Amino acid sequence: MEVILKKDIPNLGFATDVIKVRNGFARNYLIPQGLAVMATEPNKKMNAETLKQKAFKEDKIKNEAEAMAKLLENVKVRIGAKVASTGKIFGAVNALQIAEALKDQFNYDVDRKKIHIEGDKIKEVGEYKATVMLHKGVTVNVDFEVVAE
């Protein structure tokens, strides 16, 4: 029996996949649990339309991420921090400060969870790089400089 999966199921398939399973497995487990629907012609057409819309939305999001990556390529962010006489920072610079600096200085809204700094925290004045993952396969390196306030 062919069914269309509604959810990702390990070792079976991903959502919107049309798969072939045994009749009993489909009737007694997948369909009653709400994990799949029978692959009738109307359901297949609906699934095809859903896939088309999902691909369109995904493409739009990826294009926006690539545009943002082009904007972020040549950006150099300056982050001010309180510094001791030895050059060490009181506290640390992390992804949150980089996201706020991008918002304040360039009006680019980047989620702090998408920013990765080598070593997680910066504790000294200097120039560093952060990797921003905007989308699957769309990453950009952002240069930032930590300066004394």
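A few remarks follow.
- Residues that are surrounded by 19 or more Cβ atoms within 10 Å (Cβ to Cβ) and over 16 Å from the mean Cα position of the chain (by Cα), drawn from region 133-149: VAL142, PHE144, VAL146
- Being within 30 Å of VAL146 (Cα to Cα), surrounded by 11 or more Cβ atoms within 10 Å (Cβ to Cβ) and of a type in the set (Asp, Glu) is a property that GLU64 has.
- If you check ALA55, ALA130, ALA69 for being surrounded by 11 or more Cβ atoms within 10 Å (Cβ to Cβ), of a type in the set (A, V, I, L, M, F, W, C) and either part of a helix (DSSP H, G or I) or more than 19 Å from the chain's Cα centre (by Cα) (or both), only one passes: ALA69.
- Filtered residue count, region 116-127, keeping only those that are buried (at least 17 other Cβ atoms within 10 Å of the Cβ) and over 15 Å from ALA92 (Cβ atoms): 0
- For region 100-123, the count of residues that are over 28 Å from the mean Cα position of the chain (by Cα) and either closer than 16 Å to ALA148 by Cα or in a loop (DSSP other than H, G, I, E, B) (or both) is zero.
- Any hit, region 90-98, residues being loosely packed, with under 14 Cβ neighbours inside 10 Å, part of a strand (DSSP E or B) and over 14 Å from the mean Cα position of the chain (by Cα): yes
- Some residue of region 72-79 being surrounded by 11 or more Cβ atoms within 10 Å (Cβ to Cβ), in a loop (DSSP other than H, G, I, E, B), assigned by TED's automatic domain parsing to the domain that holds TYR128 and in contact with a helix residue (DSSP H, G or I) (Cβ under 8 Å, 6 or more places away or on another chain): yes
The values are calculated or read from the model by the stated rules, or taken from the named source; none is laboratory data. Bear in mind the structure is a predicted one, so any value in this text is a computation, not a measurement. Glycine also receives a Cβ, built like all others from the backbone with ideal geometry; neighbour counts cover every protein chain displayed.
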